[in-house]
Amino acid sequence: MRAASLTLFAVIGLGISGFLKQLDVPPASDAPVPTAKPYGLGKPPFAQLSSSSCAASSCHGGGAVGKKGSEHSTWAPEVFPEGAHDPHANAYRVLFNADSVRIGKYLKIGAPHKEALCLKCHAVEEVKPTDAISEAVGCGACHGPAEKWLGAHVAPGWTSLSNQDKWEKYGFVPAGNLVARSLNCAGCHVGDADKEVNHDLIAAGHPRLNFEYTRFHFSPKYRKHWEEKTPQPDFEVRAWITGQAATLRAATDLLRIRAERAAIDDTKTPWPEFSGLSCYACHQQIGLEGPQRGTADKNPKRPAGVAGWEVWSNTASDTAAKFCPDAFPDVNSPQLPHLNVLRKLMEKRNPNPKTIAEAASKAVAELDAWLAGMQVSEDRNRPARVSPYATERIAHALAANALSKDRTKLADHDWDALSANYLGSAAMYHAAGGRGNVPGWTTPIHGLTADLKFPIPKAGGEGFNSPAGFGRKERDRVRDRFRELFDATGGLREKP
């Protein structure tokens, strides 16, 4: 990041008086707190084993990249190093590069490849034998610790077990269930009680954890060792909705954890933790053309001086909730009143951590119940096919979500909000067949791709890790793209 042109410190963006002023606490919701929980949460009490346990040629090491029986071969970077690869397999090696060494130096943590803070996500911590940690994010990270299930999963009767039994009795993550899968991904890619990327790490140079499941899943650089059984558009529509719920659930629970620590004056827990707030409320161009500079261009989504809480995770989640029945016909749209109370509380300039912890706990319970409903629907018989026009209806709703009611302005001009609406729309575009299959979508979707991409530096120049120069002119262009997408997807807004 170019500090001279981009950094606007929080004391300027929020104001000293803003930190001191207390807004009225919104009334707590009297809605009951749900008790249903999805399986797949937490850490099973079993031992992690080396990925080599799966690498025998008679198991998953067949050596034929991309073929059944060669899942370990496809995952391992040494077998087929050219072209696309599985980034999980290289996660440990990253800890040796110049960026990681510099981050370690800034944070005074020594060698990142030996630091528990780093190994929790860049490897399978506590794997046995211990030198197997160099295998990076291996089989056990995504499929669960193999102590109990390694032998059981090839024994008669395994396939007759329910997914929930596989998890609870054996610690096996049934990745075929999208809820269990996305919750497992979120543990590292969003964070949890043991794993988090806070503002200190980001300031030292660690990338932000702005996780969007379908973007990761369909990355052309991701060489997958499995094939999805669910056809398009069913798979991607469900993956986007469950990903939105799982990501927001993880972010909300991380807020709860941080708030509980702050409430007991944990000296290692700053409050509020800036990594959960909008980066670009503070890190932006200085001057009238910046994203939130000037009274005529203030962000309409939140009070002046407030950095939005989890703009990335919150922006499109209500749309996902609304259209959940399109993907899971036997699951109602969740109302999430406790989550809405939490959102209001987080609009305070100095939210009370004890109050936030209590509200976040209730919001997590709501999100758990939503995820549990989708999980049961998937496991029941596999849900019915998605609504025929789900992709168009969701993309239309996301375009509307990006715009003011009269379509003349952006509803929220934070880069995270715009990107969340775009990524959801792009997922629907891809699910519907992409270029050549959804007339009218291609120009606005590809335009948004270019408009929201971080600027590419000139040859030999310094790179960017923020939307440098994202001012009024650029935002107006993004607004026009969303209006074009809104019009292109307006033909089938309602169920036939």
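Ranking request for peptides 48-55, 98-105: highest mean number of other beta-carbon atoms within 10 Å first, then the rest in descending order. Intermediate results must be reported in sequence, preceding the final value.
Details: 48-55: 20.1, 98-105: 15.4.
Descending packing order for the listed peptides: 48-55, 98-105.
Hey, with R₀ at 41 Å, roughly what FRET efficiency would Glu168 and Glu82 work out to, going by the Cβ-Cβ distance, to 0.05?
Details: r = 41 Å, r/R0 = 1.00.
According to the calculation, E is roughly 0.50.
Using the number of other C-beta atoms within 10 angstrom as an exposure proxy, rank Thr230, Thr252, Thr35 with the fewest first. Mind dumping the intermediate values first?
Numbers: Thr230 18, Thr252 30, Thr35 9.
The most exposed by this proxy come first: Thr35, Thr230, Thr252.
Points 7 angstrom from Cα along the Cβ direction at Gln335 and Asp476: gap in nanometres?
In this crude spin-label approximation the distance works out to 4.3 nm.
Would you please calculate the Kirkwood hydrodynamic radius of the stretch 41-172 over all C-alpha pairs and express it in Å, rounded to one decimal? Numbers along the way, then the final one.
Details: mean 1/r = 0.0625 Å⁻¹.
Every distinct Cα pair counted, the radius reaches 16.0 Å.
State to the nearest 20 debye the size of the charge dipole of the chain about its Cα centre, where the only charges are +1 on K and R beta carbons and -1 on D and E beta carbons.
Working: 60 positive and 54 negative charges, 159 e Å.
The dipole magnitude comes to about 760 debye.
Given charges of +1 on the Cβ of Lys and Arg and -1 on the Cβ of Asp and Glu, with all other atoms neutral, how large is the dipole of the stretch 56-102 about its Cα centre, in debye to the nearest 20?
Details: 4 positive and 5 negative charges, 12 e Å.
Dipole of the stretch 56-102, to the nearest 20 debye: 60 debye.
Note the full-extension length gain between Ala304 and His153 as 0.36 nm times their separation in residues minus their Cα-Cα distance, in nm to one decimal. The partial results should precede the final answer.
On the way: separation 151, 0.36 × 151 = 54.36 nm, distance 5.53 nm.
Between Ala304 and His153, full extension yields an extra 48.8 nm.
Report which label in (i) 36, 26, 22; (ii) 35, 28, 25; (iii) 29, 28, 22 holds the value of semi-axes √(5λ) of the Cα gyration tensor in Å derived from the coordinates of this structure.
Of the listed options (i) 36, 26, 22; (ii) 35, 28, 25; (iii) 29, 28, 22, (ii) comes from this structure.
Pull the list of the chain cysteines that no other Cys approaches to under 4.7 Å, Cβ to Cβ.
Cys54, Cys59, Cys118, Cys139, Cys142, Cys185, Cys279, Cys282, Cys324
For the stretch 210-285, just the Cα set please: Rg and Dmax, both in angstrom.
Cα only, the stretch 210-285: 17.4, 50 Å (Rg, Dmax).
Considering amide H positions built from the backbone, and no H for Pro or chain starts, which residues 5 or more places from Leu403, or on another chain, come under 5 Å of its amide H?
Ala411
At 7 Å along Cα-to-Cβ for each site, give me the label-to-label distance between Lys229 and Thr130 in nm.
Distance between the two pseudo-spin positions: 4.0 nm.
What nm value, rounded to one decimal, do you get for the distance between Ala28 and Cys59 when each label is placed 7 Å out toward the C-beta?
5.0
Over all distinct alpha-carbon pairs, what is the Kirkwood Rh of the stretch 128-177 in angstrom?
Working: mean 1/r = 0.0859 Å⁻¹.
About 11.6 Å for the stretch 128-177.
Any chance you could run the full-extension gain for Glu347 through Lys453? It's 0.36 nm times the residue separation minus the Cα-Cα distance, nm to one decimal. Numbers along the way, then the final one.
On the way: separation 106, 0.36 × 106 = 38.16 nm, distance 2.82 nm.
Extra length from Glu347 to Lys453 when fully extended: 35.3 nm.
Along the charge dipole of the chain, pointing to its positive end and built from +1/-1 on Cβ of Lys, Arg, Asp and Glu, which listed residue (Ala136, Ala203, Ala402) has its Cα farthest out?
Working it through, the farthest residue towards the positive pole turns out to be Ala402.
Since every read-out is calculated from the coordinates, none of them should be taken as a lab result. Treat the numbers as computed from the prediction; the structure is a model and nothing was measured. Positions of Cβ are generated from backbone atoms using ideal geometry, with glycine treated the same way; all protein chains shown enter the neighbour counts.
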